[in-house]
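> Input: one structure, supplied below.
The values are calculated or read from the model by the stated rules, or taken from the named source; none is laboratory data. What you are looking at is a predicted structure, and each value in this text was computed from that prediction instead of being measured. We place every Cβ from the backbone using ideal geometry, glycine too, and count neighbours over all the protein chains shown.
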Protein chains: 2
Amino acid sequence: MSETVEAKEIERPEARERVQDALAEVSALLRKHRLVEGLVHEQLEHAPLGDHMGRGELIESLVTKQNRAQLTRKLDRLHPADIAYILEALPLDERLYIWDMVRAGRDGEILLEVSDAVRESLISSMDTEELVAAAETLDAEEIADLAPDLPQEVMDDVFSGLPLEEREQLRAAMSFEDDMVGALMDFEDLQVRPDVTLEVVLRYLRRFDELPSQTDQLFVVDRDEKLLGILPVNRLIVSEPDTLVASVMQPPVVKLMQHEKAGDAASAFERYDLVSAPVVDTNDKLVGRVTVDEILDFVRERGEEEMLAQAGLREEEDVFASVWKSFQNRWSWLAINLVTAFIASRVIGAFEGSIAKLVALAALMPIVAGIGGNSGNQTITMIVRAVALGQVTREHARKLFRKEIIVAAINGVVWGGVMGVVATLLYKDVMLGLVMVLAMTLNLMLAALMGVLIPMTLLRFERDPAVGSSVLITAVTDSGGFFIFLGLATLILIR
Amino acid sequence: MSETVEAKEIERPEARERVQDALAEVSALLRKHRLVEGLVHEQLEHAPLGDHMGRGELIESLVTKQNRAQLTRKLDRLHPADIAYILEALPLDERLYIWDMVRAGRDGEILLEVSDAVRESLISSMDTEELVAAAETLDAEEIADLAPDLPQEVMDDVFSGLPLEEREQLRAAMSFEDDMVGALMDFEDLQVRPDVTLEVVLRYLRRFDELPSQTDQLFVVDRDEKLLGILPVNRLIVSEPDTLVASVMQPPVVKLMQHEKAGDAASAFERYDLVSAPVVDTNDKLVGRVTVDEILDFVRERGEEEMLAQAGLREEEDVFASVWKSFQNRWSWLAINLVTAFIASRVIGAFEGSIAKLVALAALMPIVAGIGGNSGNQTITMIVRAVALGQVTREHARKLFRKEIIVAAINGVVWGGVMGVVATLLYKDVMLGLVMVLAMTLNLMLAALMGVLIPMTLLRFERDPAVGSSVLITAVTDSGGFFIFLGLATLILIR
């Protein structure tokens, strides 16, 4: 709730330009600052940061002091999320410089907002004491979000500093995987009893300075905290104050469980337009709530992860990450692709005799392999999406198979036909053109078959079909394409 | 607001299983139904739908009547979003059968919820009268969402049937592109004046049966509807009733404009954890509001569109779409890739002489091209993401360039080295291995260069870098890879 307390001190101009403008302004102030410092001390840019801060105190002229003050003022007025944005957009040295100027009390909130990669760079610049202080400004479920990035001794300190209830909450929150409802949950659920009047509820609420953010409903529970229903705030407002809670409460639209998949919770939020939802245990006891801001972050992050995974990046990359970090993030994918490419290469190697006799095959074979890969990826993307929505049941699988194979056959005849004519004209060889048509059609059908089979199989083994499918299909259509084309050519053309 | 009215009639079990269960149940009922009908009239499955409904009346036995009633009851209890889900998961004939059984009054809401592709199939099964009736159950901004899929005569009828104010709203809502704030906006903003007490506001609100969904704040406006501030509902609740609105209102966290990009609005919602935000015109006059449910839908849809675009699908595809529809959705991408593959093939063709002399080149060349494409796609994905967040300024571009080139060079030496050794061992030719190392390193560096240049250039020309980048990079690294490898081989190995 810390953000609401500060609401009034924070600048609130229009959304569109504010954060870009703030970034430009901070960058400009930084540059001015460094220019002046640079005049005083030329090699500033190349000095390590710690050093520079030490000397900074000594050499700071009046002008740099002014600049610094201006920068600090600017930062103090910005929303934590905006500071996070600026930190992400700055190269490492400037980033750490700004990070050092941010008021210590806000470190925690800002660490929550930055991307994982940038968070790592910020945390590694802080000592244990600073980290513990930052963590202590946060709620239990927020600390749990940071926990994977914090050193063990920091977590130990934080843990022992928490009151008993929050310690339990932290332990609970940390026990869930990122993609479980438990990881999105917070504990700011307001509870009321069914046998009181709305007047009493209102009086209870007026004791708060502010309600927890995203509070659109109160949860009605019995003595054992069993969830009986929900009381939407908007209902509370429009109803007569002397009504009993029990008579206006509603059944909850959804009840989430901590071990459910976060993706399913996100679908429920999207489907039923929720702002918050209760989380219960197996005995229907209320344990917390999930709010739409967490869901929105989750949906966005998952979308990004899928994009990254498809391109073979292990995780979100700090654009200004070191060369070594980038290499680590990317090498495994390249290695896998190298292995599949090597297999394809060996398939070609097996037909070297044919290629030596008819060199045109070498020029045409990448076309056959390429179209198979593209078409297979189309099929997979469509199937993965439908499977993710749970809309492909086993009984419809046969229907789908048939359709994909037919589409592939049509594509094969059309595009294979085009390339067949081109090959015939180029190499003045009708049989070569015919082999081209046949090979393209067969490889497209292979792509369709595997495009359905691969995600279905990964799913059967409970693997995420979004991740591995693309490598697998390309491996199959490359090696398969070369084999089909060169094999047919050897049979038909080479004697 | 129609969904809230029905809240009480609708089943509300747990989120996790409800919609999957409902789908299974409906499918089972359908199958039972058809089995019985099938016994009575064998070729039912193959009869066109209209026919079958006509005869259905005559042949329906007691059992089928019972089944039908059971199915209708089940459907009536389901949330519109859940019915939409079920319709999407059924093959066309079963889908239309169910669609026919849904109560006419709910057609509008359900059409809003289904995917574009499935919506098309449903709309084409309805006549003008049914469509007009369906549209008339919706709000102006909801009709605007359906408008692109509705026949012109339906829109004309709907338009002339609307009261003046809604007609204006519909006209306004239809004038925006899908990715503008105006397209996400609704008109259910509650307005209050600054010079009244909270007591008066509460009395005003009690006149409603329910507040519009996702109402977390009221908008404070002056006589000319100029936005002065916001009054959070939670603030209204915790403050004393005799306070003036002016003394508890806050500046709005953001003010959106109708012509802003929806993506920027989504970022603002994500960054500041909003539930709703006011939309104003250039004179600061309040024209509507955007709510987080629309934002959540937008973020999800955009994420999906990017996935589809990357795989070369023009639009979301109905899994049960006809072969012809699927072909249309996919052909353009295949055609583009065929052209780029053909160019690469001609590059190889230019070196046929070298290949004839050293057939090993044909087997090794796809490895060089492949790793370039993969590595280039990694770079592009990272850059596109950073650019989308607005975090890559021109001044940092040089820094990025240098880093990507260095990472590429390291990858080239490492993986090129591996393949160089493998090639040397396989073909007993050290020089061939050396050519392999050189070619892979150069192609990886070309990929890095283009991986930064392509999205930056597309951006300069205000094109979406997410869409075209992947084809372009693969085209460059394929043709470039073949050219570099075969060229080097010709220079060094072939005499």
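> With the structure loaded, tell me whether B:Ile371 is out of contact with any strand residue (DSSP E or B) (no Cβ under 9 Å at 6 or more places or on another chain) and at the interface with chain A (Cβ under 7 Å from one of its Cβ atoms) or whether it fails that test.
The answer is yes for B:Ile371.
> Does any residue of region B:258-265 turn out to be among the aliphatic types (A, V, I, L, M) and closer than 26 Å to A:Phe208 by Cβ?
No, there is no match, as no residue in region B:258-265 is among the aliphatic types (A, V, I, L, M) and closer than 26 Å to A:Phe208 by Cβ.
> From A:Glu153, A:Glu94, A:Glu120, A:Glu129, which residue is surrounded by 17 or more Cβ atoms within 10 Å (Cβ to Cβ) and not polar (S, T, N, Q)?
Result: A:Glu94 is the single residue among A:Glu153, A:Glu94, A:Glu120, A:Glu129 that is surrounded by 17 or more Cβ atoms within 10 Å (Cβ to Cβ) and not polar (S, T, N, Q).
> Give all pairs with beta carbons closer than 6 Å in which a residue from region B:295-315 that is under 17 Å from A:Leu296 (Cβ atoms) and not assigned by TED's automatic domain parsing to the domain that holds B:Arg385 meets a residue that is in a helix (DSSP H, G or I) and among the aromatic types (Phe, Trp, Tyr); count only pairs at least 6 apart in sequence or on separate chains.
B:Ile295/B:Phe269
> B:Phe208: touching a helix residue (DSSP H, G or I) at 6+ places or on another chain (Cβ under 6 Å) and aromatic (Phe, Trp, Tyr), yes or no?
Considered against the rule, which asks whether it is touching a helix residue (DSSP H, G or I) at 6+ places or on another chain (Cβ under 6 Å) and aromatic (Phe, Trp, Tyr), B:Phe208 comes out as yes.
> Quick check on my filter: what residues within region B:131-176 are free of Cβ contacts under 8 Å to residues at least 12 places away in the same chain and among the polar types (S, T, N, Q)?
B:Gln152, B:Ser160, B:Ser175, listed by residue number.
> Now, a different point. Could you check, for region A:318-325, whether at least one of its residues is facing chain B (nearest Cβ under 7 Å), out of contact with any Gly (no Cβ under 9 Å at 6 or more places or on another chain) and of a type in the set (Ser, Thr, Tyr)?
No, region A:318-325 contains no residue that is facing chain B (nearest Cβ under 7 Å), out of contact with any Gly (no Cβ under 9 Å at 6 or more places or on another chain) and of a type in the set (Ser, Thr, Tyr).
> In region A:77-172, which helices (runs of 4 or more DSSP H) lie fully inside it and hold 3 or more residues that are charged (D, E, K, R)?
Qualifying helices (runs of 4 or more DSSP H): A:92-101, A:107-113, A:116-123, A:140-146, A:152-161.
> If you go through region B:294-314, how many residues are modelled with pLDDT under 75 and either touching a Leu at 6+ places or on another chain (Cβ under 7 Å) or aromatic (Phe, Trp, Tyr) (or both)?
The qualifying residues number 0.
> Would you please name the residue that is surrounded by the most Cβ atoms within 10 Å (Cβ to Cβ), looking only at residues in region A:219-235 that are in contact with a helix residue (DSSP H, G or I) (Cβ under 7 Å, 6 or more places away or on another chain) and under 26 Å from A:Ala183 (Cα atoms)?
A:Val220
> All but one of (1) within 11 Å of another protein chain (Cβ to nearest Cβ); (2) within 22 Å of A:Asp273 (Cα to Cα); (3) surrounded by fewer than 18 Cβ atoms within 10 Å (Cβ to Cβ) hold for A:Glu210; state the number of the condition that does not hold.
Against the list (1) within 11 Å of another protein chain (Cβ to nearest Cβ); (2) within 22 Å of A:Asp273 (Cα to Cα); (3) surrounded by fewer than 18 Cβ atoms within 10 Å (Cβ to Cβ), A:Glu210 comes up short only on (2).
> Consider A:Gly417 carefully, then state whether it is in a helix (DSSP H, G or I), closer than 20 Å to B:Ala311 by Cβ and either more than 10 Å from chain B (Cβ to nearest Cβ) or touching a Lys or Arg at 6+ places or on another chain (Cβ under 6 Å) (or both).
In short, no.
> Right, another one. Please go through region A:115-130 and pick out each residue that is in contact (Cβ under 8 Å) with a residue 24 or more places away in the chain and not polar (S, T, N, Q).
Result: A:Asp116, A:Ala117, A:Val118, A:Arg119, A:Glu120, A:Leu122, A:Ile123, A:Glu130.
> I would also like to ask the following. Which residue out of A:Val299, A:Val290 is surrounded by 21 or more Cβ atoms within 10 Å (Cβ to Cβ), closer than 30 Å to A:Arg385 by Cβ, more than 10 Å from every other protein chain (Cβ to nearest Cβ) and under 19 Å from the mean Cα position of the chain (by Cα)?
The match here is A:Val290.
> Which residues, counting only those in region A:236-256, are in contact with a helix residue (DSSP H, G or I) (Cβ under 9 Å, 6 or more places away or on another chain) and more than 7 Å from chain B (Cβ to nearest Cβ)?
Within region A:236-256, A:Leu236, A:Ser239, A:Glu240, A:Pro241, A:Asp242, A:Thr243, A:Leu244, A:Val245, A:Val248, A:Met249 meet the criteria.
> In region B:322-341, which residues are closer than 30 Å to B:Glu141 by Cα and either touching a strand residue (DSSP E or B) at 6+ places or on another chain (Cβ under 6 Å) or crowded, with 21+ Cβ neighbours inside 10 Å (or both)?
Matches in region B:322-341: B:Asn329 only.
Conditions tested, residue by residue: (1) among the acidic types (Asp, Glu); (2) in contact with a strand residue (DSSP E or B) (Cβ under 7 Å, 6 or more places away or on another chain); (3) farther than 30 Å from B:Gly433 by Cβ.
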position	(1), (2), (3)
B:Asp273	yes, no, yes
B:Ser276	no, yes, yes
B:Thr282	no, no, yes
B:Arg289	no, yes, yes
B:Val299	no, no, yes
B:Gly312	no, no, yes
B:Glu316	yes, no, yes
B:Phe351	no, no, no
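> For A:Pro194, only one of the following conditions fails: (1) within 12 Å of another protein chain (Cβ to nearest Cβ); (2) over 37 Å from the mean Cα position of the chain (by Cα); (3) not basic (Lys, Arg). What is its number?
(1)
> Find the residue count for region B:342-371, including only residues that are under 35 Å from the mean Cα position of the chain (by Cα) and surrounded by fewer than 24 Cβ atoms within 10 Å (Cβ to Cβ).
2
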